[in-house]
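Working notes, structure below.
The values are calculated or read from the model by the stated rules, or taken from the named source; none is laboratory data. The model shown is predicted, which means the values in this text are computed figures rather than measured ones. Every residue, glycine among them, receives a Cβ derived from its backbone with ideal geometry; neighbour counts consider all protein chains shown. Only protein heavy atoms, including side chains, enter the accessible area calculation; ligands, DNA and RNA are left aside. Shrake-Rupley method; radii C 1.70, N 1.55, O 1.52, S 1.80 Å.
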Amino acid sequence: MFHFETISETEILPDLQFDKWKFFDYMEYKVVHPTVRRFHDSKAKIRVCCAPRRTTKSYSAAKEALSYVVQRDRKRLIWIVGPNYNLAEKEFRYIHDDISIKLVKMGWPKPLMSACDARSGRLYLKTAWGTEVIGKSADNPSSLLGDAVDVVIYSEAAQLPRAIRERYVASTLNTTNGCEIIPTTPSASAEWVHELFNIGLEGQIPEIESFHWDVSANPIYGHAELERARKLYG
């Protein structure tokens, strides 16, 4: 087990190499479910995570994006795209608090710029090494044009129109060979998510991988709630 006081920053980021699981230990991020571990180990460009609420899917998505944010071999651009700024704020805040608060307390450099205010549409972070994390709203699709993005999280993807991904966002990852993370609660209305999820389950396209886990992925989920969820979801 790795502790804050026994791991130096240079051990996490040695000479342009990066050890994701050592970093997760460093952050005391504990993965207790094998499917969540498989999600973090995946090399697929499109990763669809379909799970009930309170199962850590947004938290896990944010930690996966964070593992790109902290790498310093080059500047990266990370987007969190939600139906609105309030919904995009959840994953953004996880990353924001880790970079602006937790890692700063552990001796990492402060961000050059930082704002986390969904009401004003200001979800922005720029690290000391130049990587940017930006929360985006589908209510303003014109803001989704033009940039070359390395990682995008579709926050509450089931509530996003198909066109947001296919017309605006997906093409921004072409030049960077970036990845898309699609965490969502199951919904009958999300046809485009269902399509990608089913393709990932079939396993015929290596670029797309699907994941599903239950509430046992959340280590603080109460036992009574777990039993209730099992009755509801199987």
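Observations
- The residues listed here are K30, K75; of these, the one that is in a loop (DSSP other than H, G, I, E, B), within 17 Å of I134 (Cα to Cα) and not aromatic (F, W, Y) is K75.
- Meets criteria (within 29 Å of A163 (Cα to Cα), at pLDDT 95 or above, open to solvent by less than 70 Å² (accessible area, probe 1.4 Å) and among the small types (G, A, S)) for S100: no
- Considering segment 189-204, and only residues there that are in contact with a strand residue (DSSP E or B) (Cβ under 7 Å, 6 or more places away or on another chain) and open to solvent by 30 Å² or more (accessible area, probe 1.4 Å), the residue that is nearest to L160 (Cα to Cα) turns out to be F197.
- Lone qualifier among T175, T131, T185 - being over 18 Å from R47 (Cβ atoms), polar (S, T, N, Q) and in contact with a helix residue (DSSP H, G or I) (Cβ under 7 Å, 6 or more places away or on another chain): T131
- Scan of segment 111-120 for residues that are out of contact with any Lys or Arg (no Cβ under 7 Å at 6 or more places or on another chain) and either at pLDDT 95 or above or surrounded by 12 or more Cβ atoms within 10 Å (Cβ to Cβ) (or both), ordered by number: S114, D117, A118
- For segment 30-63, residues that are surrounded by fewer than 23 Cβ atoms within 10 Å (Cβ to Cβ) and in contact (Cβ under 8 Å) with a residue 40 or more places away in the chain total 12.
- Within segment 5-29, being at pLDDT 90 or above, open to solvent by 10 Å² or more (accessible area, probe 1.4 Å) and over 30 Å from R228 (Cβ atoms) holds for D19, K20, W21, K22, D25.
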